[in-house]
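Input: a single structure, listed below in structure tokens.
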Amino acid sequence: MIRTLPLAALIALAAAPHAFAQSMAVAQPIPADGTVLDITAEGTSTRVPDLALIQAGVVTTAPTAGEAMQQNAARMAAVLAALRKAGLAERDLQTSAVNLAPQYRYQENKPPVITGYQASNQLTVRFRDVAKSGTVLDALVAQGANNISGPNLTLADESGALDEARRDAIAKARARATLYAQAAGLKVDRILMISETGSTPIVQPMPMLMRAKGMMAEADTAIVPGEQKLVASVSVRFLLK
């Protein structure tokens, strides 16, 4: 498929052909006395998750829509107050959903009858101190949160961990190319091309929410973060001589 440059790009090329040529990736010609070797390698890095995302919400029911919303707002205010008291910053609290729905009673051969209303308010909460998130969860429940899911554990600096995995992938590709070259009686001359074929964190099992056993009647909820592995895959073309 032939692609044409837009008019603006053609004008820029005419004005600064040298600068444009430097920005374009040009495939290097393969010397006649060289041997090409293509290697695909995966690099990994491992981190302990340092950011927890939890959905915490309040669900209330009442005979009227107004009552359901008023009760819900009061309980959510207590939940938010508990989060702020625990030291969470405003940037780590975000309303993700607010819903109000009628509740019906169904009878055979009769139209459904509204028996009340259900109001729900859901928050997305980010815990930057994973070790304390279990304690905060218990405080949320005590203040009226009755719809909690998570946590989803991740990394605050995922890009740094992925860069480490990319460096590991290149090192493995070079080591493998050296092995092949030695086996063939050659040496690695240089790299002709590098392309990244994928980079992503490996999905780990959901971390455990468990009750810590102790002498106290009310123990804190413990969250076990485990480790998260990130993978980067690269394809590298080497020239052997």
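Ordering K132, K229, K187 from largest to smallest accessible area (1.4 angstrom probe), what's the sequence? Show your work: numbers first, answer last.
Details: K132 130, K229 85, K187 150 Å².
Output order, biggest surface exposure first: K187, K132, K229.
What FRET efficiency comes out for the pair N152/S235, r = Cβ-Cβ distance, R0 = 22 Å, nearest 0.05?
On the way: r = 31 Å, r/R0 = 1.42.
With a Förster radius of 22 Å, E is 0.10.
Per the Debye formula with a single identical scatterer at each Cα and no solvent contribution, what log10 I(q)/I(0) holds for segment 140-181 at q = 0.19 Å⁻¹?
-0.72
Any chance you could list the semi-axes, whole Å, largest first, of the equivalent ellipsoid that the Cα gyration tensor gives for segment 56-160, using √(5λ)? Could the numbers behind the result be given before it?
Values: eigenvalues 224, 46, 23 Å².
They are 33, 15, 11 Å, listed largest first.
Highest mean first, how do 145-153, 178-186, 35-43 rank when packing is the count of other Cβ atoms within 10 Å averaged over residues?
Answer by packing, highest mean first, reads 145-153, 35-43, 178-186.
What's the whole-number percent of alpha carbon pairs in segment 126-195 lying beyond 13 angstrom?
Details: 1856 of 2415 pairs.
That tail contains 77 percent of the Cα-Cα pairs.
Using a 10 Å cut-off on Cβ atoms, rank the peptides 110-117, 230-237 from the highest mean neighbour count down.
Numbers: 110-117: 11.9, 230-237: 19.9.
Sorting 110-117, 230-237 by mean packing, highest first, produces 230-237, 110-117.
Going highest first, how would you order 49-62, 83-96 by mean Cβ packing within 10 Å? Intermediate results must be reported in sequence, preceding the final value.
Numbers: 49-62: 20.2, 83-96: 13.2.
Listed from highest to lowest mean packing, they are 49-62, 83-96.
Under 28 Å between alpha carbons, and skipping anything fewer than 8 positions from K172 in its own chain: which lysines qualify?
Within reach: K187, K229, K241.
Around K172, with a cut-off of 12 angstrom between Cβ atoms, what is the net charge of the other residues, counting Lys and Arg +1 and Asp and Glu -1? Could the numbers behind the result be given before it?
Numbers: positive: R166, R167, R174, R176; negative: E42, D168.
Counting the neighbours of K172, the net charge comes to +2.
Multiply the residue gap between K85 and R105 by 0.36 nm, knock off their C-alpha separation, and tell me the result in nm, one decimal place. Intermediate results must be reported in sequence, preceding the final value.
Numbers: separation 20, 0.36 × 20 = 7.20 nm, distance 4.08 nm.
My answer for the length gained is 3.1 nm.
Cα to Cα, under 20 Å, and not fewer than 8 places away if on the same chain: which aspartates and glutamates meet these conditions relative to K132?
Those aspartates and glutamates meeting the cut-off are D50, E90, D92, D157, E218, D220, E227.
What percent does the relative contact order of segment 28-183 come to when contacts are Cα pairs within less than 8 Å and at least six residues apart? Don't skip to the answer; put the middle values down first.
On the way: 246 pairs, mean separation 64.7, N = 156.
This gives 41 percent for segment 28-183.
Could you give each residue of segment 34-41 its phi-based ³J(HN,Hα) in whole Hz, using Karplus coefficients 6.51, -1.76, 1.60 with θ = phi - 60°, and x for Gly or Pro?
Going residue by residue, I get x, 10, 8, 10, 9, 10, 10, 9 Hz, with x marking Gly and Pro.
Using 0.36 nm times the number of residues separating V36 and A142, minus their current alpha carbon distance, what extension gain do you get? Walk me through the numbers before you get to the answer.
On the way: separation 106, 0.36 × 106 = 38.16 nm, distance 6.56 nm.
Between V36 and A142, full extension yields 31.6 nm more.
Report, in cubic angstrom per residue, the convex hull volume of the C-alpha atoms of segment 57-118. Could the numbers behind the result be given before it?
Details: hull volume 4.8 nm³, N = 62.
Here the figure is 77 Å³ per residue.
The values are calculated or read from the model by the stated rules, or taken from the named source; none is laboratory data. Keep in mind that this is a model prediction, so the values were computed, not measured. Reconstructed Cβ throughout: ideal geometry from the backbone, glycine too, with neighbour counts over all protein chains shown. Accessible surface areas use protein heavy atoms only, side chains included; no ligands, DNA or RNA. Shrake-Rupley method; radii C 1.70, N 1.55, O 1.52, S 1.80 Å.
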